[in-house]
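The block underneath contains the structure these notes are about, expressed in structure tokens.
The values are calculated or read from the model by the stated rules, or taken from the named source; none is laboratory data. All values reported here derive from a predicted model rather than from experimental measurement. Methodologically, a virtual Cβ is constructed for each residue, glycine included, from the backbone with ideal geometry; neighbour enumeration extends over all protein chains shown. In case anyone asks, the SASA skips ligands and DNA or RNA and just uses the protein heavy atoms, side chains included. Shrake-Rupley method; radii C 1.70, N 1.55, O 1.52, S 1.80 Å.
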Amino acid sequence: MTKTFELNAYLGERRKLVDEAIVRALPDGGAGDPGRLKEGMRYAVLQGGKRMRPLVIIAACEAVGGAAEAALPACCALEMVHAYSLVHDDLPAMDNDLERRGQPTVHVAFGHAGGILVGDALLSQAFMALMRGADRVPAANLVAAARVLAHHSGVDGMVGGQALDLALGQDAHDLAALEQVHALKTGALYAAAGALGALYAGADADTVQSMETWGLKFGIAFQHADDILDDDQKALRAQALARVDQLVGECDALAAPLGDKAEPLRAISKWVRDRAHAAAAGVKAD
Ligand code: GRG
């Protein structure tokens, strides 16, 4: 399988499933929509994006013996949390960004209050989407999935990472401090992705833990690669690149016992390593 595995084809097929499921999981913009809230939610989620977190969910699910379709409720939920975080991050009180994915940001298109409410509504809708798996997932795994999503999204995860980032400002002068932010702000949602993929495959607690750790390491590597691509944290670039190699090696070790089923996971972590190295060599990747 290793020689013939085509990551782009794999991601393209799964991405189609994810995109179709997300459209179904969002409120229908055609029904009553006071304040254009539903329209704003759809705008925030359906304007593109790589869908990397849902694709990691599916790869983790398949790596432990599940089917992609079983994981779609978790894919929709996590992408909604990701979208809400971007909407709030773009607000004037945060980064005050006017464009995202080549379009006006949500607060530009729907007003500042609209941006706040769209983000809030997406977070709640995420837990509605997660529960769509209720009939296909063991009840204990569904409860664990709600806990995992809340934990990694909240104060001990992404929101805590954003707060830490704001508190540190430009003070992240060493790799350890930088990685603490990366682990919470970006790594947490990827840790959730690994765990959710395993939970929606019906996996046991040890397997879920292993995939959660895979996701955390991958997420930190993903953020280092993103920093290199964006020319951020230049003083730490060489150390960050070395860490990407180390983290991807640790991901591979976690995936090794899963055999061929984990080929997509291996290809995804290799993609992030190649992306980081290409960016460091001055080649712009997608
Ligand atoms: C405001 C609650 C709150 C959280 C904000 C996600 C975040 C925390 C801030 C956005 C800025 C940033 C650099 C976050 C790191 C995570 C990251 C790389 C986000 C972009 O993810 P991609 O590249 O985006 O997956 P697409 O557009 O492909 O979905």
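Quick notes on this one:
- Near pairs, Cβ below 9 angstrom, 6+ apart or cross-chain, from region 35-54 (outside any helix (DSSP H, G or I)) to any residue that is of a type in the set (S, T, N, Q): Q47/Q103; G48/Q103
- The residues on offer are L178, L164, and the sole one that is assigned to a helix (DSSP H, G or I) and either buried (at least 23 other Cβ atoms within 10 Å of the Cβ) or in contact (Cβ under 8 Å) with a residue 60 or more places away in the chain (or both) is L178.
- The residues of region 213-235 that are surrounded by 24 or more Cβ atoms within 10 Å (Cβ to Cβ) and in contact (Cβ under 8 Å) with a residue 60 or more places away in the chain, listed by number, are W214, G215, F218, F222.
- For region 109-140, a residue qualifies if it is open to solvent by 20 Å² or more (accessible area, probe 1.4 Å), under 29 Å from A205 (Cβ atoms) and more than 15 Å from the ligand (Cβ to nearest atom), and the qualifying residues are Q125, F127, M128, M131, R132, A134, D135, R136, P138, A139, A140.
- Matching residues, region 57-104, being assigned to a helix (DSSP H, G or I) and near the ligand (Cβ under 10 Å from one of its atoms): E79, V81, H82, A83, Y84, S85, L86, V87, H88, D89
- Flag if A278 is part of a helix (DSSP H, G or I), surrounded by 14 or more Cβ atoms within 10 Å (Cβ to Cβ), out of contact with any helix residue (DSSP H, G or I) (no Cβ under 7 Å at 6 or more places or on another chain) and of a type in the set (A, V, I, L, M, F, W, C): yes
Conditions tested, residue by residue: (1) open to solvent by less than 30 Å² (accessible area, probe 1.4 Å); (2) more than 28 Å from D135 (Cβ to Cβ); (3) among the basic types (K, R).
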| site | (1), (2), (3) |
| --- | --- |
| A9 | no, yes, no |
| K16 | no, no, yes |
| R24 | no, no, yes |
| E39 | no, yes, no |
| G49 | yes, yes, no |
| P54 | yes, no, no |
| I58 | yes, no, no |
| A63 | yes, no, no |
| M80 | yes, no, no |
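- Among residues of region 238-258 that are touching a residue at least 60 places away in the same chain (Cβ under 8 Å), those with a Cβ under 9 angstrom from a residue that is outside any helix (DSSP H, G or I) and aliphatic (A, V, I, L, M), sequence gap 6+ or separate chain, pair up as L258/V64.
- Of the numbered criteria (1) among the hydroxyl-bearing types (S, T, Y); (2) within 12 Å of A60 (Cα to Cα); (3) within 16 Å of the ligand (Cβ to nearest atom), the one T186 fails is (2).
- Verdict on A177 being modelled with pLDDT under 95, more than 10 Å from the ligand (Cβ to nearest atom) and within 24 Å of L247 (Cα to Cα): yes
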